[in-house]
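The next block holds one structure in the form of C-alpha cells; read it before the comments.
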Amino acid sequence: MLNVENDIDESESSFKETFLITAFAIAVAFSTYFCMYAFRKPFSAASYEDMKFLGTNFDLKTIFVVSQIVGYTLSKIIGIKVVSEVSRKQRFGMLVGLIFVAQMALLGFAFLPPWGKVISIFFNGLPLGMVWGLVVWYLEGRKTSEMLLAGLSCSFIVASGVVKDIGRWLMSAHDVDQFWMPFVTGCMFLPPFLLSAYLLNRLPEPTAADKQSRMVRSTMNGKERWAFVIKFLPGMVMLMIAYFFLTAYRDFRDNFGVEIFDQLGYGESETAIFTRSELWVAFGVVGTLAVLNLIRDNRLGLIGAFVVMTGGCLLMGAGTMWYDAGAITGLQWMIMCGLGSYLAYVPYGSVLFDRLIASTRVMGTAVFVIYIADSIGYVGSISVMAIKDQIAGDMTRLEFFRQLTYGMSGLGVVMLVLSLIYFLKFHNHGSAVAVTQQDSLSS
C-alpha cells in the first residue's frame, strides 16, 4: 500500500512539474516572439498614401514591404546554417543582439530620405528572420511540443494585429509621424522583450522522457543537412511548393490588411479592427493545434498535422465562396481567410517537422527544415507582390487578394495530400537513425 501511495505522490508531483514548466514555457516564448513583432510589423500600419518610389510605378509601401522581406528572407537563408548550429550558451546573447540591430535600423527608417529608408527597412528585416528559430530551439523535442509551439504560434497571429493597432493609435491619437512610429513602437516593447528572452533562456532542457518520445534534437552539420534534404526530396518539394504560395498569401493579407479592410468598408473609425479579427484566428489555431498534443502516436500525429493544414486550405476557399454569395460579412470573410491560412501555415514552423522527425526517427533538428521552408516561402512573398504592382496594377488589392485565395486553396489541398502520402512510407517504429548521404541516395 505504501509503495502505491508513493507512486501516486510521485506521479502527481511529476504532473505538476510538467504543467508548471509547460505554462512557463508557453508564457515566455509567447511574450518573446510577440515583442519581436513590435520591431517588424508596425511600419505596415501606415499607408504612405500616394507615395511612389523614385518616380516608378511601384508604391513606396510595396518597396518597403519587399525590402524588409528581402532582408528577412536572407536572414532565413543564413539561419539554415547559423541557427541549426547555435549552442544553448549562445542563444540569449544572439536574441538580444538581433533585436538591437533591428531597432537601430528603425531609427534610420525614421529620419533618412526615401532611398535610405528602403535600405534601413532591409537591415531591419535582416536580423529578425533568425528569432523564430532561436525560440523554437527551446521548445522542440518535448512531449508537450505541440502545446508549446501552438502557444508560440499564437504570438505572431495576435501580435501582427496588435502592433498595427498600436501604430495606428500612435499616429492618430498622439500625432506621431508615420516614419517615426515604428521606432517609437519598438522602444515601447524593448524592456518586455529583454525580460521575456532572459526568462526563456532559463527554461530547463528536455527530459529523458522527452528525448525518448520525440528524439534527441542535435545540431546538424552541412553534410547531415544535405543528406536529410536528399532523403526526403520529393515530399519536401511538394511541401515547399505549397509553402511558397502560402507564405505569399499570408504576407499579402498581413502587410496590406489596412487597404483590404478599407476597401471592404472598415475605415479608421473601426477601432482595433486587426486585433478583433486576429484574436478569433489565434484562438482557432491554438485550440486546433493543442488538440494534436493529445495524439501520442507519431504517425497519427503527422497525419493529424496534415489534416489540419489541408482543412485550412479548404476553409479559405469555402469562406471566399460564402463571401461572394453574400452569406457572410467582409470581417467574417477576413477571419475565415486568416484562420484557414494560419491553420495551413503555422504547422510548417511548429508541429509538422517536429512530428516528421519523431515519426521517421531521423536524428536532427526541426529548426533546420523550418528555415529551408521559410527561405523558399518568402521568395514567394516577394514574387507575388511584384506581380500585383507590375502585372495586375489596375486590380484593387481586395480583388487581387480574393482571386489569390481561390488559387491558394486549390493548390494547397493538392500538394498537401500528395506529400502526406509520400511521407507516410518513411514511418519508423524502431530506434533512432542518423541519416547519411549513402542512406539518402539508396532510399
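Hydrodynamic estimate: the Kirkwood radius of segment 135-195 over Cα pairs, inserted into Stokes-Einstein at 37 °C and 0.692 mPa s, corresponds to D of 243 µm²/s. The local environment of PHE189, defined by Cβ-Cβ distances under 12 Å, has a net charge of +2 under the rule Lys, Arg +1 and Asp, Glu -1.
Under a 5 Å amide H cut-off, with hydrogens placed 1.01 Å from N, LYS52 pairs with LEU60 among residues at least 5 apart or on other chains.
Per-residue counts of other Cβ atoms within 10 Å, averaged by peptide: what ranking do you get for 254-266, 379-391, 126-138, 234-246, highest first? Let's see the in-between values first.
On the way: 254-266: 19.6, 379-391: 17.4, 126-138: 24.0, 234-246: 21.2.
For the peptides 254-266, 379-391, 126-138, 234-246, the packing ranking is 126-138, 234-246, 254-266, 379-391.
Show me 162-172, 336-346 ranked by packing, highest mean number of other Cβ atoms within 10 Å first.
Sorting 162-172, 336-346 by mean packing, highest first, produces 336-346, 162-172.
Round to the nearest 10 and give me the degree value, 0 to 90, for the angle of helix 366-390's Cα axis relative to the longest principal axis of the chain. Helix 366-390 and the main axis of the chain meet at about 20 degrees.
Distances between placed amide hydrogens fall under 5 Å for VAL362 paired with VAL433, all partners being 5 or more residues away or on another chain. Projection of the Cα convex hull of the chain, averaged over all directions and equal to a quarter of that hull's surface, yields 22.6 nm². Bridging of LYS143 to lysines at a Cα separation below 21 Å is possible for LYS16, LYS211, once same-chain residues fewer than 8 apart are set aside. Dividing the mean sequence gap of close Cα pairs (under 8 Å, 6+ apart) by how many residues segment 2-442 holds gives a relative contact order of 25 percent. Computed from Cα positions, the angle between helix 351-360 and the longest principal axis of the chain comes to roughly 30 degrees. By how many degrees, between 0 and 90 and to the nearest 10, does the Cα long axis of helix 298-324 differ from the longest principal axis of the chain? Rounded to the nearest ten degrees, it is 20.
Here, each number is a calculation from the coordinates, and none is a lab measurement. Everything quoted here is computed from the prediction, not taken from an experiment. Quick reminder, even Gly has a Cβ in these numbers, built from the backbone with ideal geometry, and neighbours come from all protein chains shown.
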